[in-house]
Structures are given as C-alpha cells and as structure tokens.
Amino acid sequence: MHTEPTSDISKNSKYFFYIAVLFVAILMISNTVVVKLIQVGPLVFTGAFLIFPISYIFGDILTEVYGFKVTRKLIWAGFLTQILMALCYWIVQVMPPASVWSGQSAYETILGVVPRIVLASIIAYCVGEFANSYIMSKMKILMNGKYLWMRTIGSTIIGQLLDSSIFLLLAFAGTIPLNVISSMIIIMYVGKVVYEAVLTPVTYFVVRKLKQAEGMDVYDRGISYNLFRLRE
C-alpha cells in the first residue's frame, strides 16, 4: 500500500476519475439550486444547503485517500468549472430571446448571473475547500492516520466557517442588516457541521473501501502546500 504522495496517483487510480467527476458535478448543481428557498417549520434555507456540504465530504475522502497534491488540482478544476458555468449562463442570458418564448424572466430568476453573488461564491469555495483539505492533511500526519472522525469534523468546522462567513459577507454586506447576516452565518454553519457529523459513518465506509480497492493510503510528508504548485 502506498503511504507517501506520488505524482501519478490520479493516473494509476481505479476510481479517482469517477470521484472527481462527482465532486465537480456537486459543485455545479449546488450553484444552480442555490436560488431555491426551502422552508421546514421556522427554518428557511437554500437548496444548496442539501447538496453543497457533500463537496466537503468528498474533499475529506479525496485528501484522506489520495493526498493534498491531488486534491489541490481538483479544487482548482472546480474553481475553473464554476467560472465557466457562470460565463455560459450569462452569455445565454444576454442573448435576445425569441419572440415566441416567454421564459426570459424565469431564466434570469433561476440561472441569471449576479456578478457579486458569483464572485462571493467562488472566493468562499476556494478558501473553504483549501482550508478543509490542508487541515485534513496536516491532522492526518500529526495523528498518524488515527481518529478519522476528529479530522473530518475538525477540518469541516474551520472550512465551513470560512466558507459561510465569506460568502454571506461578500454577497450581502451593505444590502441587509449585519445582525441578519450574522444569524444566517450561524444557521448555515451549524447546519453544515451537523450535516458532516451525521454522515461520518458514510465517510468511514467510503474511505475504508477506497483504501482497500486502490491499495493506497497517502500521507503528505515533505510536500509543498503552495496552492499554486500544480506540476508536482
């Protein structure tokens, strides 16, 4: 079983490609369904709340099994994909609608691109995902691979706090009261952390099966954590 990071992990892996596709798909779906508001009792949250936290679970699994270097490339891939998606939505949005089509306003409501929201989302995603992966990687070395639950939840506590805070502050500061933003941050943050904790048994199961199937369990000893070093 491989225990040290190697440059060809993603190429030799049996399942990395499929996990990578799912990771990027979850990001794109989350950014599409974020406009839907759902109410359960007194709680109101976006559709993305049901889906986006799964990206952190994928981030945990990827870092735990394949290491930070491979996950770093995938996070950047998700970043570029989100920019491309927003650009495509915007191009279609500004094209003149056909005279026989009455769905322009609906399109703009659901898929319309608001630059401030897109920028806030992308920045929050990068900071949160990289923080989550970095902490997972470092904690694995410090704990010698033990206490996976502590590492997944611990990294999520930091990553999701950064993600939720940065997104809501950048997206809505100056447009709604700060106390409302603060309450939204708390609700989203606590909900996402609880989400991760509840799904910890699933994370354990997937990590164990992947390590067995791939024959690898990477420890990021001696690697560079430079976020822009992608040629390793």
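The values are calculated or read from the model by the stated rules, or taken from the named source; none is laboratory data. Every value quoted in this text rests on a predicted model; they were computed, and no experiment measured them. Note that each Cβ is placed from the backbone with ideal geometry, even for glycine, and that neighbours are counted across all protein chains shown. The area values use the complete protein model at the heavy-atom level, side chains included, leaving out ligands, DNA and RNA. Shrake-Rupley method; radii C 1.70, N 1.55, O 1.52, S 1.80 Å.
To keep it simple, each residue is scored yes or no on (1) of a type in the set (A, V, I, L, M, F, W, C); (2) open to solvent by 50 Å² or more (accessible area, probe 1.4 Å); (3) at positive phi; (4) touching a helix residue (DSSP H, G or I) at 6+ places or on another chain (Cβ under 7 Å).
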| site | (1), (2), (3), (4) |
| --- | --- |
| Gln93 | no, no, no, yes |
| Thr109 | no, yes, no, no |
| Val113 | yes, no, no, yes |
| Arg116 | no, yes, no, yes |
| Ala131 | yes, no, no, yes |
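Could we say that Gln104 is open to solvent by less than 50 Å² (accessible area, probe 1.4 Å), modelled with pLDDT of 85 or more and more than 15 Å from the chain's Cα centre (by Cα) here?
Numbers: open to solvent by less than 50 Å² (accessible area, probe 1.4 Å): yes; modelled with pLDDT of 85 or more: yes; more than 15 Å from the chain's Cα centre (by Cα): yes.
Judged against the criteria, Gln104 is a match.
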Report task. Using the structure shown, decide if Ser155 is touching a Ser or Thr at 6+ places or on another chain (Cβ under 9 Å) and either within 25 Å of Leu230 (Cβ to Cβ) or surrounded by fewer than 19 Cβ atoms within 10 Å (Cβ to Cβ) (or both). Result -> yes
Report task. Please go through region 201-224 and pick out each residue that is within 15 Å of Lys146 (Cβ to Cβ) and either in a loop (DSSP other than H, G, I, E, B) or hydrophobic (A, V, I, L, M, F, W, C) (or both). Result -> Val207, Asp217, Tyr219
Query raised in the report: Name the residues in region 200-232 that are at pLDDT 90 or above, in contact with a Ser or Thr (Cβ under 9 Å, 6 or more places away or on another chain) and farther than 15 Å from Val65 by Cα, would you?
Result: Thr200, Ile223, Tyr225
Report task. Could you tell me whether any residue of region 163-178 is part of a helix (DSSP H, G or I), loosely packed, with under 14 Cβ neighbours inside 10 Å and either free of Cβ contacts under 8 Å to residues at least 60 places away in the same chain or not charged (D, E, K, R) (or both)? Result -> yes
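Restricting the search to region 30-73, which residues are of a type in the set (A, V, I, L, M, F, W, C), in contact (Cβ under 8 Å) with a residue 12 or more places away in the chain and either closer than 11 Å to Ser133 by Cα or part of a strand (DSSP E or B) (or both)?
Taking region 30-73 as the starting set, the residues that turn out to be of a type in the set (A, V, I, L, M, F, W, C) are 33-35, 37-38, 40, 43-45, 48-52, 54, 57-58, 61-62, 65, 68, 70.
Narrowing the set further to residues that are in contact (Cβ under 8 Å) with a residue 12 or more places away in the chain leaves 33-35, 38, 43, 45, 48-52, 54, 57-58, 61-62, 65, 68, 70.
Listed by number, the residues that qualify are Ile38, Leu43, Phe45, Ile57, Phe58, Ile61, Leu62, Phe68, Val70.
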Query raised in the report: Taking region 195-232, which residues are under 19 Å from the mean Cα position of the chain (by Cα), exposed (fewer than 12 other Cβ atoms within 10 Å of the Cβ) and under 17 Å from Thr156 (Cα atoms)?
Result: Val198
Query raised in the report: Using beta carbons and a limit of 6 Å, which pairs, at least six apart or on different chains, have the first residue in region 204-222 and on the phi < 0 side of the Ramachandran plot and the second one assigned to a helix (DSSP H, G or I) and open to solvent by less than 30 Å² (accessible area, probe 1.4 Å)?
Result: Val206/Ile61; Val207/Ile61; Val207/Glu64; Leu210/Val65; Lys211/Val65; Val218/Tyr66; Asp220/Phe68; Asp220/Ser137
